[in-house]
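Every number in this text was worked out from the coordinates using simple rules, so none of it is lab data. Not measured: the values here are computed from a predicted model. Virtual Cβ from ideal backbone geometry, glycine too; neighbours counted across all protein chains shown.
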Amino acid sequence: MTAPIRVLVCDDQMLIRTGLVTIIGAQPDFEVAGECGDGRAAVDLAGRLHPDVVVMDVRMPVLDGIEATRLLAGAGVPHPVKVLVLTTFNLDEYVYEALRAGASGFLLKDAPPDRLLHGIRTVATGAALLDPEVTRQLVGRHAARIRPTPGGAPEVPLTPRELEVLRLIADGLSNSEIAARLVISQETVKTFVSRILAKLQLRDRVQAVVYAYRHGLVT
């Protein structure tokens, strides 16, 4: 029998946290490893409980979700933890920073339960989760801040087809949507994505989106 996905829930609003714990705990393939109400507690608990995924709110007391994510999954962390950030549109300025801090993905806080559960399962497998609607509206909105100052586009070691796939990833399209757009199979899309990540030395799809905007490959 496959071991359950162990989830740590971190949100400072007790009502929301209780709802998340209830939804997650009701799934046979999940186990709520713990819950807490601030980022510092999340870091401490993750160190003791070793969850597979941390569901992290952004705005919290003591230590916010971005700093907590950086301590759990940022560059140089010996044993990074997968973090799924929950956000709302009125907090969207924090999402890019959360991705830079090492989050494996993000969802809207008002996403339906099935999307939340799918998101946790996706992140637990090592894949990245980008809410397409948020990606299109949010990352693009902050593209000017993400991209470096003008001075010539850097040389990117990708083929024209790989660049095309990367741009579609950055636009928030899923593998199936990319396959339909380019009239190729989903397996071919997966192969392209793997090559892109390997060539650019990126961890996952989230970092690919940040890379695309930072290097001015999408507008």
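Descriptive notes on the structure:
- Shape class of the range 5-130 from the Cα gyration tensor (axes a ≥ b ≥ c, square roots of the eigenvalues): rounded, since a/c falls below 1.5.
- Phi to ³J(HN,Hα) by Karplus 6.51 cos²θ - 1.76 cosθ + 1.60 over the range 49-59, Hz, x for Gly, Pro: 9, 6, x, 7, 9, 10, 8, 10, 6, 8, 8
- In summary, the range 147-214 shows an alpha-carbon radius of gyration equal to 1.09 times the 2.2 N^0.38 Å reference for compact globular proteins.
- Size of electric dipole in the range 147-214: Cβ of Lys, Arg +1 and of Asp, Glu -1, about Cα centre, debye, nearest 20: 140 debye
- Per the Debye calculation on the range 1-68 with a single equal scatterer at every Cα and no solvent contribution, log₁₀ I(q)/I(0) for q = 0.11, 0.22, 0.28 Å⁻¹ amounts to -0.23, -0.85, -1.22.
- Cβ-defined net charge surrounding Pro61, 13 Å radius [Lys, Arg +1; Asp, Glu -1]: -4
- Two-site label geometry, Gln27 and Leu182: point separation in nm, points 7 Å out along Cα→Cβ: 2.9 nm
- Contour minus Cα-Cα distance for Leu49 and Arg195 (0.36 nm per residue): 49.1 nm
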